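Report on one structure; see the data block that follows.
The values are calculated or read from the model by the stated rules, or taken from the named source; none is laboratory data. These numbers were taken from a predicted model, which means no experiment stands behind them. Virtual Cβ from ideal backbone geometry, glycine too; neighbours counted across all protein chains shown.
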Amino acid sequence: MHTIHPISHEQTIDILSGPREIPQVVTANVESMLNEDVPIVDVGRFGEFVVGLAMDRPDDYETTVRRNFNHIVALGTCSVEMAWLQAGDVHIPRPRRLHEHNQSVLNTYKRVFAADFTDPRDRLLEPMFALQDGGKSHCVALAHPDDPRKSRNQAVHNIRIANNVLDPVPSDILTPDEKTVIKLLIRQTAIGTALGRHGDKGAPLDEVVEVASRELHALREQCPPDYRDRFDDYLLVSYLADAGAHTQRAHYIDAATGDVQVDVTPEDRFNPDGTETNMTLDRIFSEAPEDSQTLKLFQPKHLAVMRRLFPNHY
């Protein structure tokens, strides 16, 4: 029998700043609870986390970074298991814990996009961002130690975690439609895949667009009617905020020191000879001075994909 209860802020910080490898016993517990449909969070505390996100208001960027750190710590307090999921490494080309990536995504959303998402329905975006990669560290923990791509199956685990955490939440905290839209957005992988296949790997535009369009159409078809006029906006921001978290414009707070860190350092982005490592996503966004506060796709191949997938936006 699994007993889930919230933990203290202090215990959460200790876990978030401790080892980067999730203990095997924790991974086994999480896997068991996911398989048995036992919530991995204290539902009441998770509800408080969602309400806290909804009550937050845009502020100066430094304050926003501090607030989002506190929000993600609050998510970690929902259970020992959730704290460890947030502490776990997500196995990208630079050392990064899940809670650090989640902060970078939320900070990117607030800095670049939040001013355009003020419809009351848009409140679902921030809990979505907090869960968008929710299964990634669990995926890494389950992978074979010698697997060079430990997060390859993250999409499966992201939706498993989302279903487990969201389903028990009372409808006065998140409505059934809000939960549905959040889950649909978490399932979206088409945009980044299409941009990468056509832009980096040279796959034919028609082929790339056909595959991505099928996935996006399936998601749109399942979107509740009251959200369909906003759904493409949500699809785009769910990709762009996450991609923006893999750039030098993104920041997070280190749980051990409380210091603000840049998510991508020059060493992450550039080889010693000044060429791109291609291990970050800075290169896909315009760095013209007038675009410094935006995340603007500019490469012709990327724009060709987006014009076909989102003709009303590009």
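Against the numbered list (1) under 26 Å from Ile173 (Cα atoms); (2) among the hydroxyl-bearing types (Ser, Thr, Tyr); (3) out of contact with any helix residue (DSSP H, G or I) (no Cβ under 7 Å at 6 or more places or on another chain); (4) surrounded by fewer than 23 Cβ atoms within 10 Å (Cβ to Cβ), Thr64 comes up short only at (3). Check the range 219-231 and report whether any residue there is part of a helix (DSSP H, G or I), of a type in the set (S, T, N, Q) and more than 20 Å from the chain's Cα centre (by Cα). The answer is yes, given that some residue of the range 219-231 is part of a helix (DSSP H, G or I), of a type in the set (S, T, N, Q) and more than 20 Å from the chain's Cα centre (by Cα). Among residues of the range 218-268 being loosely packed, with under 15 Cβ neighbours inside 10 Å and of a type in the set (A, V, I, L, M), the one that is nearest to Ile72 (Cα to Cα) is Ala256. Scanning the range 108-131 turns up one or more residues that are under 19 Å from Val65 (Cβ atoms), over 10 Å from the mean Cα position of the chain (by Cα) and of a type in the set (Ser, Thr, Tyr).
Go through the residues of the range 76-95 one by one and say whether even a single one is within 13 Å of the chain's Cα centre (by Cα) and at pLDDT 95 or above. Yes - at least one qualifying residue is present in the range 76-95.
Any idea which residue in the range 269-314 is surrounded by the fewest Cβ atoms within 10 Å (Cβ to Cβ), counting only those that are hydroxyl-bearing (Ser, Thr, Tyr) and either within 23 Å of Val237 (Cβ to Cβ) or under 21 Å from the mean Cα position of the chain (by Cα) (or both)? Reasoning before the result, please.
Step one: filter the range 269-314 for residues hydroxyl-bearing (Ser, Thr, Tyr), giving 275, 277, 280, 286, 292, 294, 314.
Applying the additional criterion that residues be either within 23 Å of Val237 (Cβ to Cβ) or under 21 Å from the mean Cα position of the chain (by Cα) (or both) yields 280, 286, 292, 294, 314.
On the way: Thr280: 21, Ser286: 14, Ser292: 10, Thr294: 16, Tyr314: 14.
Within the range 269-314, the match that is surrounded by the fewest Cβ atoms within 10 Å (Cβ to Cβ) is Ser292.
Condition check ((1) aromatic (Phe, Trp, Tyr); (2) at pLDDT 95 or above; (3) closer than 24 Å to Asn278 by Cα; (4) more than 21 Å from the chain's Cα centre (by Cα)) across all residues:
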site	(1), (2), (3), (4)
Ser171	no, yes, no, yes
Leu195	no, yes, yes, no
Val209	no, yes, yes, yes
His217	no, yes, no, yes
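Take the conditions of a type in the set (D, E, K, R), buried (at least 19 other Cβ atoms within 10 Å of the Cβ), under 14 Å from the mean Cα position of the chain (by Cα) and on the phi < 0 side of the Ramachandran plot and apply them to Glu178. Does it pass? So Glu178 does not fit the description; no.
State yes or no: is Arg283 touching a strand residue (DSSP E or B) at 6+ places or on another chain (Cβ under 7 Å), farther than 16 Å from Arg94 by Cα, modelled with pLDDT of 95 or more and not hydrophobic (A, V, I, L, M, F, W, C)? Against the criterion (touching a strand residue (DSSP E or B) at 6+ places or on another chain (Cβ under 7 Å), farther than 16 Å from Arg94 by Cα, modelled with pLDDT of 95 or more and not hydrophobic (A, V, I, L, M, F, W, C)), Arg283 qualifies. Under 26 Å from Asp259 (Cβ atoms) and buried (at least 19 other Cβ atoms within 10 Å of the Cβ), is that true of Ile13? No: the conditions fail for Ile13.
Within the range 129-159, restricting attention to residues that are over 16 Å from Glu31 (Cα atoms) and at pLDDT 95 or above, the residue that is surrounded by the most Cβ atoms within 10 Å (Cβ to Cβ) is Phe129.
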